[in-house]
1. Determine by what factor the alpha-carbon radius of gyration of the range 553-640 differs from 2.2 N^0.38 Å, reporting the quotient.
2. Send over the per residue convex hull volume for the range 281-338, Cα only, as a whole number of Å³.
3. Mind ranking 174-184, 151-161 by how tightly packed they are, going by the mean number of other C-beta atoms within 10 angstrom, highest first?
4. For Ile632, what charge total do you get from the other residues with a beta carbon under 15 Å from its beta carbon, if Lys and Arg give +1 and Asp and Glu give -1?
5. Which distance in Å, rounded to a whole number, links the C-alpha centroids of the range 560-614 and the range 273-345?
6. Report the rotationally averaged projected area of the range 576-690 based on its alpha-carbon convex hull, in square nanometres.
7. What does the accessible area of Cys320 come to, in Å² to the nearest 10, when a probe of 1.4 Å is used?
8. If the cut-off is 18 Å between C-alpha atoms, which lysines fall inside it for Lys486, apart from same-chain ones fewer than 8 positions away?
Amino acid sequence: MPPEPESEPLAVVPPSPTRPPSSDEHVRDEALWLEDGDLILVAARTEFCVYREPLLQHSTVLRDMVLTQGADRTDRTSSDTLETVPATVQTLRLSDTPEDLRYFLLAFFAGLGTPLRVGLLHPTFHELSAHIRLGRKYGVEPMVQAGVEYLQIYFPDTSDLSLWDLPELFHPPGFEANQIVGIVNLARLTGTTSILPSALINASVRGKDLVKGFTRADGTQETLTKDDLIRVMNGRILLSRACASATHKVFRPEVADACTRPDVCGPALERMVQHLSDNENYLFHITFRPKTWWTFCVEQNDSERLLCSKCFNMVGRWECGRQEEQSKSLLAKLWDIWDLKKDDGGDARKESQPRSPVEPTKQEPPSTSETTRSVGVQTELYHRDSEFWFENGNLTLIARDVEFRVWKAPLAAHSLVFRDMFSLPQPEAETGQGSSSPTTPIIHLSESPDELRQCLRVFFPGKTLRIARANPTYHEVSAQIRLGHKYQIDQMVQRNVDHLKKYYTDDFDAWFDVSPLEPPGFDDVHSLGAINLARLTGTHSVLSTAILSTSLLDSAKIIEGFSREDGSHETLSQEDVGRCICGKWETTEASLWALHKVFSGGPSTSCIRTGQCKQVIQKMLDGVMHDDERAIKMKWWESWKDYIEEVDEERELCWACYNAVSHERKKEAERAIFDRMAERLELTETTKDA
């Protein structure tokens, strides 16, 4: 079914002075019944108890519903705001499913007994769908925007071909193939038609399963609209025709203008055209990023490397000839193929947002005023944090001169240390004269305000929602690992360690699949911090590649370290500084060894023109051994194909020898270096992570 309309009726239950116990007809949600909450949301038979203030900061619709409840008070005035509505436990009955509402709320609050999902990196489809649909319904624009931008990474616009150069194109992490139906529907719901051309390509390869759609988390079935199903059926025919035409134009048997051996290249191109008919899918299998299916066909059919360099570049290299030209042409046709209009895009999403009948209360700018608090016999000066100060919170955390007011329950649920701290008697804050703020227990922490703020973002929404993000910053990862380790917030530590291990790993194949060496969002110097985080958490599998990455820095940076977000300085231990310096030497020596090993091996045992190939490979060896600047720049883990093709400009190497120096021998050398890297860096720790 298409997405639900936003105009569903919303029933409002009058507030009760105290929180009622769950009736026999309702059940409390296990993940989101926060005992110190002040807002109960009811979806079907499930009750959720959460915190009113942060939720209503972001939702104009829920804010208006709460204010509407306040309209029943006899003492209400025209100047009433959220702050003047009584701080009783209010109840709102919503028309959403419990599953959708749970996903929606877990983007705001750390649930109990569930993985931490606030500020999550890669949402599942069900999470993202609920964020977009309920975010739109309840006027949480940043939630909708974040979800749409996340989808646009994996389903890019047709205006820029470089956006399609993505290994996970059409496949967001954790999404199932048949959920493409839901992605099309979300694009329709939000008016984001820039997603549709790429999404409909993916939908068109689903076959008969496309008609069935998929099952939502609440058990309901979601399918395409009739119009979009017809659009996919008709468009697939036009897409197949366009793909076949593009493939034919790439492989048309016309030699390059500057061809040096037309009598050889002409027949070779004709054989490629004939090969396209050997498999019924060859004409239609098109990828929009190097290395393309077209390049694979060229290499498969020119195994003897008969094409001259000009003809090979014309048909076999993405950026040099027909491939990029035809890919751009095909992208431009997608709008017509799917019968879409380009001007249906971004503005439509903005115009479709729900409008609140009541002007939302503007957020106050960050507080710069200072208040004096008396704690014991000592008087100190503090100011409230601009992101995490909730008037209705029941806990005050103080980091240096900054106060944070939040709630106890989520922290206690996920941190044994906080739970123990809450069990001890705590001093209460004194309420200033004329202040309406309630008194709360105070806990002084030794962290910087920046570090604590990064930690709290995992538990509560600040002034900015952090949803569906692909790449956290180093400062976020570092603070959450260090504070998570200190306060025993294991889930927070693990999800950030897992992010580091994706890029710094002791798995040879996994490491070579990752580019660049550092996680996106990290600066190169942050690999130094990754070493320290690996030491702190006992994640030994991170060390060898993190040290390798750090060894590429200038020597001064390795020794001096870098400044954290809060201004504190981070450096390596003396032993790890020594390892990074040795790593710098090891990288140079390993790269020279690999160059010599690959190019000194002579022709392949399967070579078909030994004398010619021997001369070319020797020329490659001489080129790197006699040119110091070039040899230092060529790293053992990087591709050497540009150098190989520069020396072998006329493509004189046979396929066996070309494959030997560009792939087989190179891979053997890489694996040998990688496997002994930990030993050479004197990493004697166990290879298993603690």
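The values are calculated or read from the model by the stated rules, or taken from the named source; none is laboratory data. These numbers come from a predicted model, not from an experiment. Because the Cβ atoms are built from the backbone with ideal geometry, glycine has one as well, and the counts that use them run over all protein chains shown. For the accessible areas, the whole protein counts, side chains as well, though only heavy atoms, and no ligand, DNA or RNA atoms are used. Shrake-Rupley method; radii C 1.70, N 1.55, O 1.52, S 1.80 Å.
1. 1.61
2. 77
3. Peptide ranking by packing, descending: 174-184, 151-161.
4. Net local charge, Ile632 excluded: -3.
5. Computed from Cα coordinates, the inter-centre distance equals 35 Å.
6. On the way: hull surface 33.3 nm².
Convex hull of Cα atoms, orientation-averaged projection: 8.3 nm².
7. 70
8. Straight-line reach from Lys486, under 18 Å: Lys408.
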